[in-house]
Amino acid sequence: MGKPSGQLLRVSQGMQVAQERRDSKRAPCRLVCPFKLTKFVDKSTVQLTKGSGHAINKSVRGMLLLLPVPLHRRQVVEIQVPSEARETPSTKLVDVRWARPISVSDRVKMYLAGTRFFFELPAPRQLPQAR
């Protein structure tokens, strides 16, 4: 049992180092966030992927996301973040800073991604109703 304990210690120490590199405090959150991402298939074709992921924690500058699709560093993802202050979620563009696969089972992988906010997209304007 000493080996598993040692492995956990190394993971724990790695997480502590990652925590020290952060420049802003993270707050835990458990939000379901719809997302959209694009991927170039070739020079003239772009693949659009839509789905739902989970926000694990957030800070002023970014979020830790758990998504069902593989991501790569510097990929841009559009996410819909639920808001307590507004009825409609806010749309944010995030830059993937790092990503790694997480094995959920023998057949299922999820992908953990550290992201940084680019900016928040403006809410769609509602057109005045004809009376």
What whole-number volume per residue, in cubic angstrom, does the convex hull of the C-alpha atoms of the range 25-121 give? 116 Å³
Checking the cross-link filter: which lysines have an alpha carbon closer than 20 Å to that of K25, excluding same-chain neighbours under 8 positions apart? K58, K92
Approximate spin-label separation V46-R26, in nm, with each point projected 7 Å along Cα-to-Cβ: 3.0 nm
Please state the charge dipole magnitude for the range 25-121, taken about the Cα centre, from unit charges on C-beta atoms (+1 on K and R, -1 on D and E), reported in debye and rounded to the nearest 20. 360 debye
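Bear in mind these aren't lab numbers, they're just calculated from the coordinates by the rules spelled out. A quick note: this is a predicted structure, and the numbers were derived from the prediction, not measured. When we count neighbours, we look across all protein chains shown, and the Cβ atoms used for this are built from the backbone with ideal geometry, even at glycine.
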